Amino acid sequence: MLVPTAQVRRFFREINHVMPCNLALSGDGLVLPFHKEGFPQPVFIGRSTCREDKDRLESQIPTSSEWIRPPPGMDEQYLAFEEMIETAWDTTRNKRNPSKAKQQLRYQNQRRLFESLRRTQSYLGLHSGETDDMVDGTSWEKGNQQPIPGPPQPLRMDKPAPFPFWKEPVFISIDVESNERHHKQITEVGISTLDTLDLVGTSPADDGARWRTKIQSRHLRVEEYAHHVNRDFVAGCPGSFDFGTSEWVSANDLAAVVQASFEIPSAAAEHTDGRRHLVLVGHAITGDVQYLRQIGVRMPEDTIQFIDTVDTAEFFRVIRDEKTTRKLGDLLQEFNITGWHLHNAGNDARYTMEVMLCMILEHSRRGDRSMTEEFQG
């Protein structure tokens, strides 16, 4: 059951006025922000003045089986909402310290994100790639006592990357849009690529402006669904690709065209099978990977060509030390990028790549040690 924060704060003020205390409302798991786009909204069911009224009103709440889960096109917002509710439930249900197993799981997840972030800095020449130590089975207690190499020194944005581009990968950002009523119908695929070899000798400049110009973007539209536009859950705009000309492909050819975009040859013998190393990039990327797998595209776990995955939603959350992930539009605002025609797959893939560069450059420029300090206690 939810109570408006204004009522709670007014109640606390009354208590503080009468008694010698200073009660305040903590935001950790207790204050739930429902103003975010795509979040289900609370429904007023009545006012109670006694327990009988409360029980009667609660009996009118629909059971969970009567609720319909939002479609996959809304996965990003749904996951953020679900995480917020679970945090609130844990806060109100169990006030004691979290179990050792939960602490271990949290430590392992945070460490994986930290090391993935550090590897991404190394791919971009912003961190030395010499220490390629992966997450192991270290316990939470021992891990807190073990030093983890710190982030690089603050970055000079007017100078080229201070380190070699580790493994010289090509970053590939993807975004998939589907028919919000028939999710097996993939209507658009956006693909943006950034070759780290194109960044050699080039300074990022403020906000990574020079590096962002090296991004190449494509927008694939499926011929069979040319006239479909999502309107109910998201404002689709398939005809508004802002970074080039959309390409039309048939539904039968879509998987092959997407797969071909991952086939980037290399003359260097050290690269896998004569092809370049790839790093997959996406915002809340799990859903996009599932969409592409369902049409037969071989994704990171299915091919050794992909050496890593970057989820910009999770990266931003851990860099800013936030409890929940944010939508792509929020991140664009954070980095002062004007995002036109979001929910166009081509635009979203491009903006996701730009956001990745901005957050990694910002983190490296600050020389932020906050995550390292968390693991070192």
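Quick note: the coordinates plus some simple rules give every number you see, no bench work behind them. No experiment lies behind these values; they were computed from the predicted model shown. Cβ atoms come from the backbone with ideal geometry, glycine included; neighbour counts cover every protein chain shown.
Given +1 at the Cβ of Lys and Arg, -1 at the Cβ of Asp and Glu and no other charges, the dipole of the stretch 170-370 around its Cα centre is 240 debye to the nearest 20.
Ranked highest first by the average count of other Cβ atoms within 10 Å around their residues, in what order do 190-202, 345-357 fall?
My ranking of the peptides, most packed first, is 345-357, 190-202.
Can you give the net charge of the other residues whose Cβ lies under 12 Å from the Cβ of GLN216, counting K and R as +1 and D and E as -1? Spelling it out: positives minus negatives among the neighbours equals +2.
Remark: the stretch 273-354 carries a charge dipole of roughly 120 debye about the Cα centre, counting +1 on each Lys and Arg Cβ and -1 on each Asp and Glu Cβ.
Counting only DSSP beta bridges with both residues in the stretch 170-370, the antiparallel share comes to about 60 percent.
Just want the ordering: GLU301, GLU188, GLU362, from fewest to most Cβ atoms lying within 10 Å of their own Cβ. With the fewest neighbours first, GLU301, GLU188, GLU362 line up as GLU301, GLU362, GLU188.
The length gained on full extension between PHE39 and HIS227, counted as 0.36 nm times the residue separation minus their Cα-Cα distance, comes to 64.9 nm.
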